1. Given the residues A:THR135, A:THR99, A:THR95, A:THR130, which is the only one that is among the polar types (S, T, N, Q) and without any contact (Cβ under 8 Å) to a residue 12 or more places away in the chain?
2. From (1) over 12 Å from the mean Cα position of the chain (by Cα); (2) more than 14 Å from chain B (Cβ to nearest Cβ); (3) over 26 Å from A:GLY36 (Cβ atoms), pick out the condition that doesn't hold for A:ARG68.
3. Against the definition (facing another protein chain (nearest Cβ under 10 Å) and of a type outside the set (Asp, Glu)), how does A:VAL43 come out, yes or no?
4. If I ask for residues that are open to solvent by less than 50 Å² (accessible area, probe 1.4 Å) and either modelled with pLDDT under 95 or under 12 Å from the mean Cα position of the chain (by Cα) (or both), which ones from region B:35-50 would you list?
5. Run down A:ARG68, A:ARG37, A:ARG57 and say which single residue is outside any loop (DSSP other than H, G, I, E, B), at pLDDT below 95 and either open to solvent by 50 Å² or more (accessible area, probe 1.4 Å) or not hydrophobic (A, V, I, L, M, F, W, C) (or both).
6. Kindly indicate whether A:ASP62 is open to solvent by 30 Å² or more (accessible area, probe 1.4 Å) and in contact (Cβ under 8 Å) with a residue 40 or more places away in the chain.
7. So, in region B:10-34, of the ones that are without any contact (Cβ under 8 Å) to a residue 24 or more places away in the chain and not polar (S, T, N, Q), which residue ends up surrounded by the most Cβ atoms within 10 Å (Cβ to Cβ)?
8. Name the residues in region A:109-118 that are closer than 18 Å to A:GLY58 by Cβ, of a type in the set (Gly, Ala, Ser) and buried (at least 16 other Cβ atoms within 10 Å of the Cβ), would you?
Amino acid sequence: MTLPAALELRVPSDVGRIEGIVSEVVQRCRQHAFTGRQLALNVPVALTEAISNAMLRGNGDDRAKEVRVRAVVDATRLVVEVEDEGTGFDLDGCTGDPTAPDALAREDGRGLFLMRALMDEVRCERGVRTIVRLTLHRR
Amino acid sequence: MSLQVEMQGDVLVIAVDGPLIVGNRQELKQTVLDRVEGGVRKVVVDFAGTAYIDSSGLGVLVSLAKRLRELGGDLRLAALSDDLLTLFELTKLDALFQITASRERALEGF
C-alpha cells in the first residue's frame with residue numbers, strides 16, 4: 001500500500017509516542033528510495049531529537065501541551081516541521097561542541113549536534129510557538 | 001525496545017532489540033544499575049538487534065560507563081551496525097568505549 005507523501009500529526013508531549021511517528025516518516029522516505037543509511041540513521045535519529053526536544057524542552061514535558069509534526073516527502077527531499085508550544089531556543093546560540101575533549105564524558109548536549117550533523121538543513125522559527133524545520137535531500 | 005539479559009560468568013550481557021531512545025533509555029539504565037547494586041562490575045551491551053540510538057541513549061551509555069569505571073569495572077559495546085558505528089564516530093564516543101565486532105569478542109579477556 002502506498003502511503004500519502006504528506007503526514008500531519010498532533011500528539012501530546014509523551015516521549016513514548018516518538019518511535020511510532022519516526023516509523024511513519026521513515027516508511028514514507030523508504031517509498032521514495034532514500035538510502036539505507038538515511039533510513040536507518042539520518043532520519044530516525046534527527047527526527048527523534050527534534051520531537052523529544054519539542055516535548056521535553058519546548059513543552060516542558062507537559063502532557064497537556066501538544067507537538068505538531070508535519071512531514072512532506074518527495075523524490076528529492078524530506079522536509080519535517082516539528083512545532084511545540086514553547087517560545088523556543090536560539091539555535092545559532094547553541095554552539096557547544098559535544099565532541100570537544102572536555103565535553104566527551106558529558107551525558108547530555110548531543111541532540112542539536114546530531115540534528116545538524118545528520119540533516120542538510122536545520123532551521124528554527126520562534127514566535128508564540130516554535131517550529132524546527134529539518135531538511136534532508138535524497139542521495 | 002526489549003532487553004535480553006544474561007550473565008556470562010561474571011559479565012552481564014544485555015542485548016538491546018529495537019531503538020534505544022528517550023522513551024526507553026531508563027529501562028536499560030535501571031536494569032544495569034540494579035545489577036551493579038548486586039555486585040556486577042563488567043557489562044557488555046550487544047547492539048546486534050538495535051535499530052538506532054538517540055542522544056539520550058548515548059547519554060545513558062556514557063553514564064553507565066562512568067559509574068562502572070568508578071567502581072573498577074567497565075562497559076563494552078558489541079556488534080554495532082555500520083550506521084551505529086558512524087553515530088559513535090560522529091560524536092567521537094568511539095574514543096570513550098571499547099567497541100568490538102561481536103559479543104564473543106567483547107567477552108574475550110574481560
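1. After ruling out the rest, the residue left standing is A:THR95.
2. Single failed check for A:ARG68: (1).
3. When the stated conditions are applied, A:VAL43 passes them.
4. B:VAL43, B:VAL44, B:VAL45, B:ASP46, B:PHE47, B:THR50
5. A:ARG57
6. yes
7. Residue satisfying both the conditions and the ranking: B:GLY23.
8. Of everything in region A:109-118, just one residue is closer than 18 Å to A:GLY58 by Cβ, of a type in the set (Gly, Ala, Ser) and buried (at least 16 other Cβ atoms within 10 Å of the Cβ), namely A:GLY111.
The values are calculated or read from the model by the stated rules, or taken from the named source; none is laboratory data. Every value quoted in this text rests on a predicted model; they were computed, and no experiment measured them. Ideal geometry is used to build each Cβ from the backbone, glycine not excepted, and the neighbour counts take in all protein chains shown. Quick note on the areas: whole protein, heavy atoms, side chains included, nothing else; ligands and nucleic acids left out. Shrake-Rupley method; radii C 1.70, N 1.55, O 1.52, S 1.80 Å.
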